[in-house]
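The values are calculated or read from the model by the stated rules, or taken from the named source; none is laboratory data. The structure presented is a predicted model; accordingly, all values stated were derived computationally and were not measured. All Cβ positions, glycine included, derive from the backbone under ideal geometry; neighbour counts span all protein chains shown. Side chains included, ligands, DNA and RNA excluded: accessible areas come from the protein's heavy atoms. Shrake-Rupley method; radii C 1.70, N 1.55, O 1.52, S 1.80 Å.
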Amino acid sequence: MRRVYLSFLGLGQYEETVYELSAKRSDPTRFVQVAEQMLLGWDRFDILYIVATRASKERHYDALSRELEPCRGEVHLIELDEDMSNAGQWQWFERIFSVVRDEDELCIDLTHGYRSIPVVFSAAINFLQKTKQIRLAHVFYGAFEQDRQLAPLVDMRSFFDINTWADAVTRLTRDADARGLAEAAESTNRHQFAELSDRDFADACTQVTRRIINVDVNNVADDISRLMTCIEQLDSASSPAAKILLEMVANKFSLPGAANVTNPDRTGYTLGYYKFQLNLAGLLLEHGLLMQAFTVMREWLSSLVMLHFEQEESLNAKKRRKRVDHYGGVFFRMLQNVEESWNFKGSEEQRQRVEPLYRRLKEAGVIEPLISTDPLLASELSSYRNGFDHAWLGKAGMKDDLEEKGRYFHETLQEVLLRLEGSDRYGIM
């Protein structure tokens with residue numbers, strides 16, 4: 001890892017002054033770059049880059065380079081032209097970008113510079129952090145105009161952590177992934193969105209995201225409720241900016257029904273549970289998490305078998321898990337095939353046990369949207385989900401209509417849910 005210093009040289013008439021950093025003062029000097037070497041240490045950097053235009057080089061570079069001679073690292077000039085067009089600005093960036101290596105530790109001084117050159121480069125810092133994994137040690141600004149006799153050196157490095165927060169917000173809005181907020185709170189300056197560094201909030205963000213991505217459908221609602229509780233506790237004492245982020249998290253994960261649902265192994269499979277599961281599938285589809293969404297919808301159909309067992313017997317958590325595992329697949333196979341082609345060889349006992357539910361659902365018209373299509377919806381859903389299971393091996397490639405089919409399956413299951421809500425007279429719920 002190299003320690004790299006990079007500064008910009010302008011055209012101004014530099015006046016001699018003393019610079020101060022963390023109560024430590026430099027000797028009098030015209031150049032903020034020299035003051036920074038005094039304060040950080042003449043042997044601190046492996047290489048020093050001075051960015052200048054032809055005019056600023058001719059006016060100041062020779063004098064600056066002489067004063068930087070005590071530095072351990074070599075001083076190199078990066079000369080840029082004065083073309084301020086879009087193409088010219090991009091060339092500025094490319095010239096500077098090319099000298100930075102992977103995993104460099106970078107100290108930048110933005111005090112001087114020709115017009116917008118420092119602005120262009122400061123905007124590119126996040127790009128360097130992502131592409132070359134640089135570590136940003138300091139971003140200095142010499143506030144000469146604040147005190148011409150004793151100018152403070154302001155380190156703005158922590159402000160560039162805003163890029164980390166921006167990335168976290170992108171992950172949240174694009175991928176329904178709240179882990180970036182927890183990571184940002186851990187890694188950035190605690191003065192930025194300090195409220196979000198709360199350990200319970202960070203843990204809740206991480207856990208909700210893990211549940212969703214790994215399709216732990218029976219435990220998502222509990223963790224969402226925990227996250228919403230954390231948000232409510234933090235919101236009243238949060239800054240306006242932090243409130244916005246908390247609101248974004250709440251809006252993303254406050255799925256309808258989550259507050260009234262818990263793990264059904266403990267409390268039973270209810271209509272509220274089935275509503276919540278379809279809301280979860282909708283969230284997954286919205287964010288392009290198609291494999292997870294198809295999994296939730298397939299298992300939603302399988303878990304309908306619990307409508308039968310919740311009424312038939314008294315169940316504890318162990319029995320519920322056993323019933324879903326033992327009978328859910330058989331019920332899903334019923335929905336995959338027309339009755340005339342049913343073949344439950346080896347599973348006849350399970351078929352007989354759950355067929356009464358199938359009959360009641362059919363009589364009530366609940367599963368009409370599932371059994372009136374060609375191919376049957378469950379069969380088509382299974383085919384698509386199996387493609388994910390086997391990485392589309394044995395196929396020409398993945399299906400081209402995954403998003404379209406996802407929406408179709410989801411809308412159809414919502415229709416089944418509506419019919420289920422109105423089926424009380426058949427003793428189903």
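The value of relative contact order for the chain, using C-alpha pairs under 8 Å at least six residues apart, is 10 percent.
Highest average first, the peptides 199-208, 291-300, 393-402 ordered by how many other beta carbon atoms sit within 10 Å of their residues are 291-300, 199-208, 393-402.
Probing with 1.4 Å while keeping every protein chain in the model, the per residue accessible area of segment 1-110 equals 49 Å². Farthest toward the positive end of the dipole of the chain, out of T206, S341, V32, is the Cα of S341, where the dipole comes from beta carbon charges about the Cα centre. The share of accessible area on segment 11-55 that comes from carbon and sulfur is 43 percent, using a 1.4 angstrom probe.
So if I place +1 on the C-beta of Lys and Arg and -1 on the C-beta of Asp and Glu, and nothing else carries charge, what would the dipole magnitude of segment 43-201 be about its Cα centre? I want it in debye, nearest 20.
It comes to approximately 160 debye.
Using only alpha carbon pairs under 8 Å that are at least six residues apart, calculate the relative contact order of segment 147-241 and give it in whole percent.
Numbers: 74 pairs, mean separation 19.7, N = 95.
Worked out over segment 147-241, it gives 21 percent.
From a point 7 Å beyond the Cα of Q311 in the direction of its Cβ, which residues of segment 340-363 have a backbone N at a distance under 16 Å? Inside the label zone: 353-363. Note on the chain: Cα Rg divided by 2.2 N^0.38 Å, N the number of residues, gives 1.43.
The mean sequence separation of alpha-carbon pairs under 8 Å and at least six residues apart, normalised by the residue count of segment 93-137, gives a relative contact order of 59 percent. Quick note on segment 83-190: its Rg to Rh ratio, both from C-alpha atoms and Rh being the Kirkwood radius, is 1.03.
Give, rounded to the nearest 20 debye, the magnitude of the charge dipole that the chain has about its Cα centre when Lys and Arg contribute +1 at Cβ and Asp and Glu contribute -1 at Cβ. Spell out each step's value before the answer.
On the way: 52 positive and 66 negative charges, 238 e Å.
Around 1140 debye, computed over the chain.
Pop out the carbon and sulfur fraction of the accessible area of segment 162-242 as a percent, whole number, probe 1.4 Å. Carbon plus sulfur share of accessible area: 47 percent.
Counting only protein heavy atoms and a 1.4 Å probe, segment 223-297 has 41 square angstrom of accessible area per residue. Dipole magnitude for segment 154-311: about 260 debye, using +1 per Lys or Arg Cβ and -1 per Asp or Glu Cβ, origin at the Cα centre.
So what is the calculated 222 nm ellipticity per residue for the chain, using -39500 (n - 2.57) for each DSSP H run with n of 4 or more, over all residues, to the nearest 500 deg cm²/dmol?
Numbers: 19 runs with 228 residues, N = 429.
Mean residue ellipticity at 222 nm (helix-derived): -16500 deg cm²/dmol.
The fraction of all Cα pairs in segment 10-120 landing in successive 10 Å bins from 0 to the largest distance is 13, 44, 35, 8, 0, given as whole percents.
Look at where the Cα atoms of segment 48-97 and of segment 342-375 average out, and the two centres are 76 Å apart. Looking at this model, which pairs from K252/K405; K322/K345; K130/K405; K275/K322 are more than 25 angstrom apart at the alpha-carbon? Beyond 25 Å between Cα atoms: K130/K405.
Could you please state how large a percent of the accessible area of segment 346-429 is carbon and sulfur, counting protein chains only and using a 1.4 Å probe? Don't skip to the answer; put the middle values down first.
Details: 2070 of 4560 Å².
Percent of accessible area from carbon and sulfur atoms in segment 346-429: 45.
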